[in-house]
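Input: a single structure, listed below in structure tokens.
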Amino acid sequence: MTTLTVPQPSKYSRILGVGGMRGERVVMNDEIVGPINSSDEWIRQRTGIISRRRANPETSLLDMCETAGREALAAAGVEASEVDVVILSTITWFEQTPAAATIIAERLGATPAAAYDISAACAGYCYGIGQADALVRAGAARNVLVIGAERMSDIIDPTDRTISFLLGDGAGAAVVGVSDTPAIGPTVWGADGGQAHLITQTHSWLTFQDGTDTSWPTLRQEGPAVFKWASFKVAEIAKQAIEAAGLEPEDIDVFIPHQANMRIIDQMAKQLHLRDDVIVARDIAETGNTSAASVPLATERLLREGQATGGQIALQIGFGAGLAYAAQVVVLPNQTHTV
Ligand SMILES: CC(C)(COP(=O)(O)OP(=O)(O)OC[C@H]1O[C@@H](n2cnc3c(N)ncnc32)[C@H](O)[C@@H]1OP(=O)(O)O)[C@@H](O)C(=O)NCCC(=O)NCCS
């Protein structure tokens with residue numbers, strides 16, 4: 001009888017290295033409060049944001065992805081030629097096709113890696129890690145480069161009070177490869193399209209074509225409703241990820257939630273009953289909310305500054321438009337080299 005050869009699965013996967021690039025410009029609260037009748041004090045108190053990072057006009061989404069990707073590969077000690085798949089999560093690549101990931105793979109020298117974009121907004125990086133883990137364990141790839149990147153300043157309305165003042169630009173990346181020991185727990189993920197209206201684009205790009213609205217679409221949210229959902233419902237998802245990994249909350253060394261609002265971060269940490277000495281990522285204070293880039297950038301910072309170290313157990317969770325969410329427990333990488 002004829003039988004097919006199928007991929008040989010690997011037992012485990014792990015994050016081998018992370019990298020990141022933040023927008024070059026430091027944008028202080030005072031620079032943006034005028035058009036929204038706000039204040040530095042209000043933004044600090046309600047969100048914990050002191051400043052956000054935004055890209056220079058000449059710095060493209062692809063430029064930030066390339067830098068973050070190179071840094072992650074160097075940190076992982078993996079050559080671009082050893083990457084089989086490049087997954088980019090973004091909502092700010094303005095060409096329907098080709099996927100930005102294909103161009104990044106080419107720039108990095110990772111061709112002919114399979115390359116594709118995913119759209120899961122602030123949950124996107126954790127969606128990507130879930131996919132990379134599955135691809136590596138299934139034997140469909142040896143190394144997967146996952147990038148979360150946004151140039152949110154392209155969809156900001158400076159007069160919008162609901163979300164624009166939170167947003168920043170950047171790219172974060174991770175290389176996921178084969179592991180001898182378990183290092184990425186099950187991904188608990190999902191979406192609730194019934195509440196998709198809570199974070200949306202103001203109008204469709206098609207309004208340009210039919211002439212009904214030729215203004216540039218920007219982002220809006222119903223802040224208080226999103227705040228409630230994130231602080232309570234999403235905390236349940238994080239609990240499920242801990243359970244799915246066979247752990248207890250006290251086993252978590254590092255908590256890396258999406259950097260949406262410092263008050264949400266604090267509320268989630270409280271709901272989860274994490275240890276008093278747990279390290280909590282607070283990159284939002286100086287980077288702002290960079291959507292898909294926020295979890296990998298927060299991770300990169302913790303490792304670079306020595307607040308967290310390789311081998312520690314981290315709970316990471318992304319959540320946002322969709323309302324999409326994804327969480328998993330991971331072992332932080334022993335970075336072999338940082339650029
Ligand atoms: C956006 C957000 C910071 C607003 O904070 P909030 O505490 O919920 O504020 P509210 O909308 O309840 O408004 C409270 C007051 O602040 C005012 N206000 C709202 N936005 C303001 C702003 N940007 N600047 C100054 N004042 C503002 C309101 O007018 C209101 O004033 P009033 O009490 O006199 O009526 C908060 O809701 C939030 O962070 N939401 C979730 C964000 C998030 O996780 N997004 C995920 C997407 S990735």
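Observations on the model:
- Test result for THR102, at pLDDT 95 or above and within 16 Å of the ligand (Cβ to nearest atom): no
- Residues (more than 27 Å from PRO296 (Cβ to Cβ) and either acidic (Asp, Glu) or buried (at least 16 other Cβ atoms within 10 Å of the Cβ) (or both)) located in region 2-36: ASP30, VAL33, ILE36
- Qualifying positions in region 287-301 - part of a helix (DSSP H, G or I) and either among the small types (Gly, Ala, Ser) or within 19 Å of ILE43 (Cα to Cα) (or both): THR287, SER291, ALA292, ALA293, SER294, ALA298
- Qualifying residue in region 173-187 (condition: closer than 14 Å to GLY288 by Cβ, open to solvent by less than 10 Å² (accessible area, probe 1.4 Å) and either at pLDDT 95 or above or under 18 Å from the mean Cα position of the chain (by Cα) (or both)): no
- Residue in region 185-203 that is within 14 Å of the ligand (Cβ to nearest atom) and farther than 24 Å from ASP117 by Cα present: no
- Of the residues making up region 62-109, those that are assigned to a loop (DSSP other than H, G, I, E, B) and either among the β-branched types (Val, Ile, Thr) or under 25 Å from TYR325 (Cα atoms) (or both) are VAL78, VAL83, THR90, ILE91, THR92, TRP93, PHE94, GLU95, GLN96, THR97, ALA99.
- Flag for LEU247 being part of a loop (DSSP other than H, G, I, E, B) and touching a Pro at 6+ places or on another chain (Cβ under 6 Å): no
- Per the listing SER119, SER164, SER179, the residue uniquely in contact (Cβ under 8 Å) with a residue 12 or more places away in the chain, under 20 Å from ALA72 (Cα atoms) and polar (S, T, N, Q) is SER179.
- Test: residue in region 220-229 that is within 23 Å of ILE129 (Cα to Cα), of a type in the set (Val, Ile, Thr) and surrounded by 15 or more Cβ atoms within 10 Å (Cβ to Cβ): no
- All of ARG304, ARG263 fail the test of being surrounded by fewer than 19 Cβ atoms within 10 Å (Cβ to Cβ), of a type outside the set (S, T, N, Q), at pLDDT 95 or above and within 13 Å of the ligand (Cβ to nearest atom), apart from ARG263.
- Enumerated strands (runs of 3 or more DSSP E) restricted to region 157-226, each holding at least 1 residues that are over 26 Å from ILE104 (Cα atoms): 188-191, 199-201, 219-221
- Residues being open to solvent by less than 60 Å² (accessible area, probe 1.4 Å) and under 22 Å from the mean Cα position of the chain (by Cα) - total across region 196-216: 4
- Filter result for the condition that a residue is in contact with a helix residue (DSSP H, G or I) (Cβ under 9 Å, 6 or more places away or on another chain) and surrounded by 13 or more Cβ atoms within 10 Å (Cβ to Cβ), over ALA241, ALA235: ALA235
- PRO296 meets all of the listed conditions (1) at pLDDT below 95; (2) under 18 Å from TYR325 (Cα atoms) but one, namely (1).
- ARG44 vs. criteria out of contact with any helix residue (DSSP H, G or I) (no Cβ under 6 Å at 6 or more places or on another chain) and within 16 Å of the ligand (Cβ to nearest atom): yes
- Subset of region 161-172 that is within 18 Å of the chain's Cα centre (by Cα) and of a type outside the set (A, V, I, L, M) - its residue that is modelled with the lowest pLDDT: SER164
- The residue pairs whose first member lies in region 38-57 and is free of Cβ contacts under 8 Å to residues at least 24 places away in the same chain, whose second member is open to solvent by less than 30 Å² (accessible area, probe 1.4 Å) and in a loop (DSSP other than H, G, I, E, B), and whose beta carbons are closer than 6 Å, counting only pairs six or more residues apart or on different chains, are SER39/VAL33.
- Of all residues in region 110-156, exactly one satisfies the criterion of being over 19 Å from the mean Cα position of the chain (by Cα), outside any loop (DSSP other than H, G, I, E, B) and among the charged types (D, E, K, R), namely ARG137.
- Tally, over region 299-328, of residues that are touching a residue at least 40 places away in the same chain (Cβ under 8 Å) and closer than 16 Å to GLY185 by Cα: 11
The values are calculated or read from the model by the stated rules, or taken from the named source; none is laboratory data. The shown structure was predicted, so the numbers you read here are calculated from the model rather than taken from an experiment. Counting neighbours? That spans all protein chains shown, and the Cβs are built from the backbone with ideal geometry, glycine included. Accessible surface areas use protein heavy atoms only, side chains included; no ligands, DNA or RNA. Shrake-Rupley method; radii C 1.70, N 1.55, O 1.52, S 1.80 Å.
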